Amino acid sequence: MYYCIRCGKLHAPKPIKRETIFKSGFHYYDSELYPAGICLAEDKSAALESKECKAASA
């Protein structure tokens, strides 16, 4: 699991999605320490999925 700094939720790593999990960044979520990451890479092909991620945080 990692904490997405973009949408503020926990995610399980998925090898088929474009995501970045940092090796030196961590974040506390519900008193647990998780690696920090970004659930979607910034590129044009991820634009639609980015909208999904933002909608999930609303």
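The values are calculated or read from the model by the stated rules, or taken from the named source; none is laboratory data. Nothing here was measured: the structure is a model prediction, and the numbers come from that model. Every residue, glycine among them, receives a Cβ derived from its backbone with ideal geometry; neighbour counts consider all protein chains shown. Just the protein is used for accessible areas: all its heavy atoms, side chains included, with ligands, DNA and RNA removed. Shrake-Rupley method; radii C 1.70, N 1.55, O 1.52, S 1.80 Å.
List of remarks:
- Listed by first and then second residue, the pairs linking a residue in region 1-28 that is farther than 9 Å from Cys39 by Cα to a residue that is in a loop (DSSP other than H, G, I, E, B) and open to solvent by less than 80 Å² (accessible area, probe 1.4 Å), with Cβ atoms under 6 Å apart and 6 or more places separating them unless they lie on different chains, are Met1/Ala12.
- Taking region 17-36 as the range and being among the acidic types (Asp, Glu), at pLDDT 85 or above and assigned to a loop (DSSP other than H, G, I, E, B) as the test, only Asp30 passes.
- Matching residues in region 12-32 - criterion: being within 11 Å of Tyr2 (Cα to Cα) and aliphatic (A, V, I, L, M): Ala12, Ile21
- Some residue of region 8-16 being open to solvent by less than 90 Å² (accessible area, probe 1.4 Å), at pLDDT 85 or above, touching a helix residue (DSSP H, G or I) at 6+ places or on another chain (Cβ under 7 Å) and not in a strand (DSSP E or B): yes
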